[in-house]
Amino acid sequence: MSLTTRRNFMKTTAVGLAAPALLRRAWAAEPLKLGFVYPGPVGDYGWSWAHNKGRLAMDEALKGQVVSSYVENVKEDASAIPIIKDLAQQGNKLIFTASFGFMDQTIEAAKQLPDTKFEHCAGYKKADNVGLYNERFYQGRAVVGTIAGHMSKTGTIGYLGSFKIPEVVMGVNAFTLSAQAVNPKITTKLVMIDSWFDPAKEASAAETLANLGCDFITTHTDSPAALQVCEKRKIYGFGQGADMSRFAPHAHLTAIEDNWGPYYISRAKAMLDGTWKPDDVWMGFKEGCVEMAPYNKAMPDDVKAAADKIIAGWKDGSYDVFTGEIKDQSGAVKVPKGQRMEDKDIAVMDWYVQGVQS
Amino acid sequence: MLTFIIDALVTVVGVTTPILLAATGELVVEKSGVLNLGVEGMMLVGAVTGFAIALTYGDSLGALAPWLGVVCAALAGAASSMLFAALVLTLGSNQVATGLALTIFGIGLSSLIGSGYVGTIIPAFDSLFPDSLAGDPLWRVIFGYSPLVYFALIMIFAVGWFLNRTRAGLILRAIGENDISAHSIGYPVIPIRYAAIAFGGAMAGIGGCYFSMVMTPMWAEQMTAGRGWIALALVVFSGWRAGRLLAGAYFFGVLMTLELYAKASGFSFLPSQFWAAMPYLMAVVVLAVISSRGVAGSEAPACLGRPFLPSS
């Protein structure tokens, strides 16, 4: 019989109290709860829809091991913080905030909830429990810019942007630079509508761009409205975030598809394994996270070949649209000849290249 | 140059029409003394209903389907406004709060109904005129529009004539100015207000279906993106007068289009948010100018927003 000292008593009591918790971990394997915060409706058939598709792919691949929930239409202001905290308090261990506009709110929520893990999409502020993830959509922009450069007859191409944030600026620049690589005289007309999702305004802005002579329009907003205008005006456009060809069978040449499924599955697995660490990943064609939708039959073969070459170049690393010499709108050289822009400079880009009319 | 102007005009008309439709309806409602803030919700309900009907019956009814869609959008808008009317007229609830509740309800209900329609499209409810006129680069500025555009113009003139030149319109305005006196004379205040609210709801529904059937022939949640609020501001901005409402609507439309043109042409030496705020800033400026002209008191219907609870 062991000595019933106070020390022994304390030890056994501690084990006795801890045992149920430890046993539960090993045995019930309660599904991991993951939360998602979207800036728009999952019905937008664009950004939020694509994220949700990724979430559903994760649910399917890890059935039984994860339970996910989401909140849509979250405004990108202070009201996001209680929503994020509420998700955490519901038991979600990892929360993905899927928009640049949630950056500060995620950091704030992470400070207040150090035990919950967060991943912020398309931002640049990290913390001990906040990781970053994004996709190199600008790689896709380089592809559509190349197509526009080849096929534009008026030499004016349009970009329907949302807000002047690095995410959009790098898209505009990649689009313009890649088009200029084919046709150096190309100019890009840029309209920022200060919203990620406003179909009527997107349609009016696309009409305005068409009125001003653009025969190609690419959008950085979330609805297919601009493509419908392109179809009506018989000019070309590109889908954003999803294959939008059904909205504009003639006008839609291709689309930049966001493929979030593989990423979400890998992060969920990392949480299940316990190997999750805050990271800063920026994935593109190489990782299979950016894809192009099937090309429209109307695209000439040589243009298809040129586009494929760009994609291959991204995949094997031989091509980078942000290779010098790059001048900004005032003529100053921002990237010297032959040099590639570093990721950290691309991530905070706030200047436009020459040829962008903003 | 001419093409440029025509293109711009066509864009302006497209932007203005839904706001004009909703504002025309709201004008009648407010003239009768009721403040219905639920315009945004009613527009969305109309938008989803019109789209759904046009999609469902598009094959069986062909070219008639969009017309049926518009009619159903009007009915849906009117039905949702009846919810508001019952609370506000029969139960005497606070009009501002109930109107806001209707907005939120309309946003939610339309999202619910519309969730099955995301990703589907219908042919745009375009011009009735033959292609030779509607497609003609010059004549399309008159003939190239959807029937809803002409409907909006007809309605604003009709409403203006109704309010100012008919006996029925006079009664409606009387109820809005002094409901107790009107009641004493014997006019049925509550039924007339119900009718006015139904009309406002129907017009808002048609304004909403303009988005989902003409401008961007698809359904997306909250696709009116705040145009209902602009319509409400427009009614106030117009001083509750039909003529000024028409002018004001196009003024707003020009400002909103000007914003886009300025940005696209590279003239945005002002921050883009300033341009987006322009319509509202201009509204404030015009209201200040109007108020400073020494008009005694407000031009609003005197009973606007006050519940009618007759003691008799």
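For the range A:257-267, what does the Karplus curve 6.51 cos²θ - 1.76 cosθ + 1.60, with θ = phi - 60°, yield as ³J(HN,Hα) per residue in whole Hz, taken in order and with x for Gly and Pro?
9, 8, 10, 8, x, x, 5, 5, 5, 5, 6
Quick check on chain A: helices-only [θ] at 222 nm, where DSSP H runs of length 4 and up contribute -39,500 (n - 2.57) each and the sum goes over total residues. Nearest 500, please.
Calculated mean residue ellipticity at 222 nm is -13000 deg cm²/dmol.
So, in Å, what gap is there between the alpha-carbon centers of the range A:99-167 and the range A:334-358?
Value for the Cα centre distance between the two parts: 16 Å.
What is the P(r) of chain B, as percent of Cα-Cα pairs per 20 Å bin from 0?
32, 57, 11, 0
Roughly how many debye, to the nearest 20, is the charge dipole of chain A about its Cα centre, given +1 on each Lys and Arg Cβ, -1 on each Asp and Glu Cβ, and no other charges?
820
Report the Stokes-Einstein translational diffusion coefficient (µm² s⁻¹, integer) for chain A, Rh taken as the Kirkwood radius over Cα pairs, at 25 °C with viscosity 0.890 mPa s.
Using the Kirkwood radius from Cα pairs, D works out to 113 µm²/s.
Give the Rg/Rh ratio for the range B:1-147, taking Rg as the radius of gyration of the Cα atoms and Rh as the Kirkwood radius, to two decimals.
When Rh is taken as the Kirkwood radius, the ratio is 1.05.
Would you grab the residues whose amide H sits under 5 Å from the one on A:Phe36? Only those 5+ places off in sequence or on another chain, please, with H modelled 1.01 Å from N.
Under 5 Å from the amide H of A:Phe36 lie the amide H atoms of A:Ser69, A:Tyr70, A:Val71, A:Phe96, each far enough along the sequence or on another chain.
State which helices in chain B qualify, where a helix is a whole DSSP H run, it must extend 18 Å or more along its own axis by its Cα atoms, and its mean Kyte-Doolittle hydropathy must be at least -1.0.
Membrane-span-like by this rule: B:2-31, B:39-56, B:65-85, B:95-114, B:147-165, B:189-210, B:242-264, B:272-292.
Which percent of Cα pairs goes in each bin when the distances of the range B:136-207 are cut into 10 angstrom slices starting at zero?
Spelled out bin by bin, the range B:136-207 gives 17, 37, 25, 13, 6, 2 percent.
So for each of A:93-105, B:198-210 I average, over its residues, the number of other beta carbons within 10 Å; can you give me the resulting order with the highest mean first?
B:198-210, A:93-105
Count, for each residue of A:138-146, the Cβ atoms from other chains sitting within 10 Å of its Cβ, then give me the mean as a whole number.
Partner Cβ neighbours, averaged per residue: 0.
Can you tell me the order of A:212-224, A:342-354 when each peptide is scored by its average per-residue count of other Cβ atoms within 10 angstrom, highest first?
A:212-224, A:342-354
What percentages make up the Cα-Cα pair-distance distribution of the protein assembly as shown when the bins are 20 Å wide from 0?
Per 20 Å bin, starting at 0, the Cα pair percentages come out as 17, 45, 28, 8, 1, 0.
Mind checking the mean number of beta-carbon atoms from other chains within 10 Å of the Cβ atoms in B:115-122?
Mean partner shielding for this stretch: 3.
Along the positive direction of the dipole of the range B:2-292 (beta-carbon charges: Lys, Arg +1; Asp, Glu -1; about the Cα centre), which of B:Thr103, B:Thr216, B:Gly25 reaches farthest?
B:Gly25
Just for the Cα atoms in the range B:109-245, what are the lengths along the principal axes, largest first, rounded to whole Å?
54, 40, 24
In a shell of Cβ-Cβ distance under 13 Å around A:Gln105, excluding A:Gln105 itself, what net charge do Lys and Arg (+1) and Asp and Glu (-1) give? Intermediate values should be presented prior to the final figure.
Values: positive: A:Lys75, A:Lys85, A:Lys111, A:Lys125; negative: A:Glu76, A:Asp77, A:Asp86, A:Asp104, A:Glu108.
Here the count lands on -1.
Compute for the range A:48-173: radius of gyration divided by Kirkwood radius, i.e. Rg/Rh, restricted to C-alpha atoms, rounded to two decimals. Can you show the working numbers first?
Values: Rg = 17.6 Å, Rh = 16.5 Å.
We get a ratio of 1.06 for the range A:48-173.
So how far, in whole Å, is the C-alpha centre of the range B:111-150 from the one of the range B:227-256?
23
Bear in mind these aren't lab numbers, they're just calculated from the coordinates by the rules spelled out. Keep in mind that this is a model prediction, so the values were computed, not measured. For neighbour counting, all protein chains shown are included, and Cβ atoms are generated from backbone atoms with ideal geometry for every residue, glycine included.
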